[in-house]
Amino acid sequence: MPRPSVLAIAAHPDDIEFCMAGTMLRLAALGWELHYFNLSSGNLGSAGVGEARTIATRRREARDAARVLGATWHAPVARDLGIFYDAALLRRVAAVVRAARPRIVLTHSPRDYMEDHVNTCRLAVTAAFARGMPNFATTPRRPATGDPVTVYHALPHGLRDGLRRRVHAGLYVDTAGVHARKRAALACHASQKEWLDRSQGMDSYLATMDGFSAEVGRLSRRFAHAEGWRRHSHLGFSPDDDDPLMAALVHGCWLDKAYEKSLDT
């Protein structure tokens, strides 16, 4: 019997490590197969190195990070600020979804501070939706699959959307036990320290991730480090009560029932 798989779909190299890798590691410990997919090559992620060299560096760093996580790495299909919701890119993303056959897709928040993240989210959702449509041709061509899939959205960086509104999670995953390995995967993206310091004033990207993870842990009121998730609608994806992340990590996560109740008001 094949192992269940989880596919993380993010915009840029290092996005998975910031807000998804801990959950992936928790699932891996339970026997899940991991898939790691950044849509962009990260070509604009340098203030002093040329584009070709930046692409090569960030590709190597992303592959190293995937190796630390024990994940299958999928090659990028776009470039920074070039992630648009169009048919050509959708066909490429859908091909990866069909190849990975994920039970769970992890991706960005539908509301985020950066359009690359928002468009990646939209592409991930539609690619998962189109997994079972035989007449939707992917690039490269992959056969359709009718397997159920559940999409979960990560919390945005800064825990706010582009209009500064606070974003809360419905499910918090305890990542304290895997935080060191998550940090080691992020450390593979060494080229990003100078770029993030100069472009976003992040001081130290590793310390920033530590702080973000700890803040989400505080929001859970239970865990020292955590990642937060919101479950996408089941319509077109899975049975209405399908929540495989909660089912798999039942003893290492917390469902915010107040948040869930707020969805019905």
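The values are calculated or read from the model by the stated rules, or taken from the named source; none is laboratory data. Computed from a predicted model, the values in this text were never measured in an experiment. Every residue, glycine among them, receives a Cβ derived from its backbone with ideal geometry; neighbour counts consider all protein chains shown.
Observations on the model:
- Lys182, sole failed condition from (1) at pLDDT 95 or above; (2) in a helix (DSSP H, G or I); (3) of a type in the set (Lys, Arg); (4) surrounded by fewer than 17 Cβ atoms within 10 Å (Cβ to Cβ): (4)
- Candidates are the residues of the range 38-79 that are of a type in the set (A, V, I, L, M, F, W, C), in a helix (DSSP H, G or I) and out of contact with any helix residue (DSSP H, G or I) (no Cβ under 6 Å at 6 or more places or on another chain); the one that is farthest from Val178 (Cα to Cα) is Ala52.
- Selection from the range 80-96 of residues that are within 28 Å of Gly158 (Cα to Cα) and touching a residue at least 60 places away in the same chain (Cβ under 8 Å): Asp80, Ile83, Val93
- Taken together, the criteria exclude Ala144 from residues that are small (Gly, Ala, Ser), closer than 25 Å to Arg3 by Cβ and assigned to a helix (DSSP H, G or I).
- When the residues of the range 154-167 are filtered to those that are touching a Leu at 6+ places or on another chain (Cβ under 7 Å) and touching a residue at least 24 places away in the same chain (Cβ under 8 Å), the one that is surrounded by the fewest Cβ atoms within 10 Å (Cβ to Cβ) is Val167.
- Taken as a whole, the structure leaves Val96 outside the set of residues that are under 17 Å from Leu44 (Cα atoms), of a type outside the set (Asp, Glu), at pLDDT 95 or above and in contact with a Phe, Trp or Tyr (Cβ under 9 Å, 6 or more places away or on another chain).
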